[in-house]
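Asks: Below: one structure in structure tokens.
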Amino acid sequence: MSQRCVSLLLAFTLLGVCHGGFPCSYSDLVKNLNFTNAGVRPVKDSYTVTNVTIDITLYTVVSLDTSLQYLSTLIWFSMEWNNEFVGWDPVMNCSIQSILATGVELWKPDLYVYEMITYNDDPPVVEYFDITHNGTITNAKPLPIVSACRLNMFRFPFDSQKCNLTFGPYIHTEKDIVMSPKSNSSEVYKGSKDVFVNKGDWILLDVTVKSNLLYVNGANFSTVLYEITLKRVPVVHIITLILPACFMVLLDIVSMFIHIESGERLEFKITLVLGFSVLLLILNDMLPKSKTAPVLGIFCLVCMTVMILSIIGCVTISYVMTLSKSQTAVPSWVKTWILKYLAMLLCFRSLNKHGISILDSETESNNEMVNAERRNTTQISTEDSHEVKLLRELLNEILKIQEDLTESRIKQEYKSEWHAAALVIDRFIVIIYLIIVTVVFAVVIAIWVS
């Protein structure tokens, strides 16, 4: 009975002290706390490991520079650890469980972001410490980070990038400080997804969390790795780069069907190449500069090469058409390889199995007949009558007309053969052009979709 009375008396005494003796203020509580030795790890036993728990929420991606290979982000950062020298009894301090304090000298873990490439000396906007009665200290603040990021630009502009943020102590090894994440990957991703501010360039795909040991200079450092996966929004690049390039290639394909004898085809193709070159120069800054060439850059290079080759083919066809006007004989190898085999391969149905020229034998027979007639006329006696002389002159005129017709047919035959060779070459160039462009488009689309 006496112990119960003593307990009641003590409780009433403490209640009177809190409400009557001392004011229940945070200032008085902070004055009574031990904040000394802020530069020494706050453990009573040097073999005790300080457990540091961190948590982040990705708020926004400020920029992801593809030229300089760095990521600028703003995160909501939280770090928690235990100070064995800071604590109080809530019963003796008006049931105060925790306090928020700023400007106090507390030991803080030497936390460092290993990928950071710039350091900001400016104090954070919020620098408060949440101190609980059992010595647990939480430091939460917004943290801008500019970190190095190894980018893979091969699938630009349909690429996804993975950037790491590794948090860990810079001085203390794993024997002193052990880092651990407060939330798992799904929780961090969900929290970041709910508050993520999309500036239109990148969207957040995933955030994964891992605990690792980093071995440096013979010592292990405990770290927490956050892997941030971002996907580029390609709408701007599609409108300003991909569609104009595709339209240029489409126009170049259509220009292949302009009449072969018209000089407008060559002029149109040269204009397209110049326009494509200007397009690439204007949009050169949009293509990222990296060690790996983007597939879009390879696509533009191949298209430019094919367009130039088509111009060379157009010049070749124009040269062949010029030869048709010069009325020179078609070489035998042109008849064999172009007018026969290549024409058969490209399904020119109008050509016979022996090629396009069928008048060689006819020309020889006509020449023999003319020579025979001339020999017969010379054998006629000079004592023929007047009527025979008239008939002979008429026959000579007919033979001359036949020679002219034969020569005209030969010239027309040469012209037709050169024209046919130009048609065969033109169709061959069109088919090769379509095959190359189709293959390039298929490969590029497959890479982008995969």
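The values are calculated or read from the model by the stated rules, or taken from the named source; none is laboratory data. What you see is a predicted model, and the numbers here were worked out from it, not measured in a lab. For neighbour counting, all protein chains shown are included, and Cβ atoms are generated from backbone atoms with ideal geometry for every residue, glycine included. For the accessible areas, the whole protein counts, side chains as well, though only heavy atoms, and no ligand, DNA or RNA atoms are used. Shrake-Rupley method; radii C 1.70, N 1.55, O 1.52, S 1.80 Å.
Asks: Taking the options 195, 224, 236, name whichever one is β-branched (Val, Ile, Thr), open to solvent by 30 Å² or more (accessible area, probe 1.4 Å) and at pLDDT 90 or above. So that I can check it myself, show each step before the final result.
Replies: Working: 224 fails: open to solvent by 30 Å² or more (accessible area, probe 1.4 Å); 236 fails: at pLDDT 90 or above.
Exactly one of 195, 224, 236 is β-branched (Val, Ile, Thr), open to solvent by 30 Å² or more (accessible area, probe 1.4 Å) and at pLDDT 90 or above, namely 195.
Asks: Also, I was wondering about something else. May I ask you to list the residues in the stretch 51-74 that are β-branched (Val, Ile, Thr) and in contact with a Phe, Trp or Tyr (Cβ under 6 Å, 6 or more places away or on another chain)? Steps first, please.
Replies: In the first step, residues of the stretch 51-74 are kept if they are β-branched (Val, Ile, Thr); the result is 52-54, 56-57, 60-62, 66, 73.
Residues satisfying the conditions are 52, 54, 56, 57, 61.
Asks: While we're on this one: Pairs needed: first member in the stretch 91-108, in a strand (DSSP E or B); second member anywhere, modelled with pLDDT of 85 or more and open to solvent by less than 100 Å² (accessible area, probe 1.4 Å); C-beta distance under 7 Å; at least 6 residues apart or different chains.
Replies: 98/130; 98/131; 98/132; 98/133; 99/131; 100/130; 101/129; 101/131
Asks: Still on this structure, please answer the following. Can you name the residue in the stretch 147-168 that is open to solvent by 10 Å² or more (accessible area, probe 1.4 Å) and among the aromatic types (Phe, Trp, Tyr) and, of all such residues, is nearest to residue 78 (Cα to Cα)?
Replies: Among residues in the stretch 147-168 that are open to solvent by 10 Å² or more (accessible area, probe 1.4 Å) and among the aromatic types (Phe, Trp, Tyr), the one nearest to residue 78 (Cα to Cα) is 158.
Asks: If we scan the stretch 168-190, do we find a residue that is in contact with a strand residue (DSSP E or B) (Cβ under 8 Å, 6 or more places away or on another chain) and within 24 Å of residue 293 (Cα to Cα)?
Replies: Among the residues of the stretch 168-190, not one is in contact with a strand residue (DSSP E or B) (Cβ under 8 Å, 6 or more places away or on another chain) and within 24 Å of residue 293 (Cα to Cα), which makes the answer no.
Asks: How about the stretch 74-90: which of its residues are part of a loop (DSSP other than H, G, I, E, B) and open to solvent by 20 Å² or more (accessible area, probe 1.4 Å)? Write out each step before concluding.
Replies: Step one: filter the stretch 74-90 for residues part of a loop (DSSP other than H, G, I, E, B), giving 83-89.
Matches in the stretch 74-90: 84, 85, 87, 88, 89.
Asks: Which condition number in (1) within 23 Å of residue 244 (Cβ to Cβ); (2) open to solvent by 60 Å² or more (accessible area, probe 1.4 Å) is the one that residue 300 fails?
Replies: Condition not satisfied by residue 300: (2).
Asks: OK, next. Of 181, 169, 157, which residue is within 21 Å of residue 48 (Cα to Cα) and touching a helix residue (DSSP H, G or I) at 6+ places or on another chain (Cβ under 8 Å)?
Replies: On the way: 169 fails: touching a helix residue (DSSP H, G or I) at 6+ places or on another chain (Cβ under 8 Å); 157 fails: within 21 Å of residue 48 (Cα to Cα).
181 is the lone residue from the list that is within 21 Å of residue 48 (Cα to Cα) and touching a helix residue (DSSP H, G or I) at 6+ places or on another chain (Cβ under 8 Å).
Asks: I've got another one for you. Just need a number here: residues in the stretch 396-450 that are of a type in the set (D, E, K, R), over 29 Å from residue 341 (Cβ atoms) and open to solvent by less than 70 Å² (accessible area, probe 1.4 Å).
Replies: Within the stretch 396-450, the first condition is being of a type in the set (D, E, K, R), and the residues that meet it are 397, 400, 403-404, 407, 409, 411, 413, 415, 417, 426-427.
Restricting the remaining residues to those that are over 29 Å from residue 341 (Cβ atoms) gives 397, 400, 403-404, 407.
Checking the rest, the ones that are also open to solvent by less than 70 Å² (accessible area, probe 1.4 Å) come to 403.
Within the stretch 396-450, residues that are of a type in the set (D, E, K, R), over 29 Å from residue 341 (Cβ atoms) and open to solvent by less than 70 Å² (accessible area, probe 1.4 Å) number 1.
Asks: Please work out which residue is modelled with the lowest pLDDT, limiting yourself to the stretch 44-73 and to residues that are open to solvent by 50 Å² or more (accessible area, probe 1.4 Å) and among the small types (Gly, Ala, Ser).
Replies: Applying the filter and picking the extreme gives 67.
Asks: To continue, here is another question. Mind listing whichever residues of the stretch 247-290 are open to solvent by less than 50 Å² (accessible area, probe 1.4 Å), touching a residue at least 60 places away in the same chain (Cβ under 8 Å) and closer than 30 Å to residue 65 by Cβ?
Replies: Those that are open to solvent by less than 50 Å² (accessible area, probe 1.4 Å), touching a residue at least 60 places away in the same chain (Cβ under 8 Å) and closer than 30 Å to residue 65 by Cβ: 287, 288, 290.
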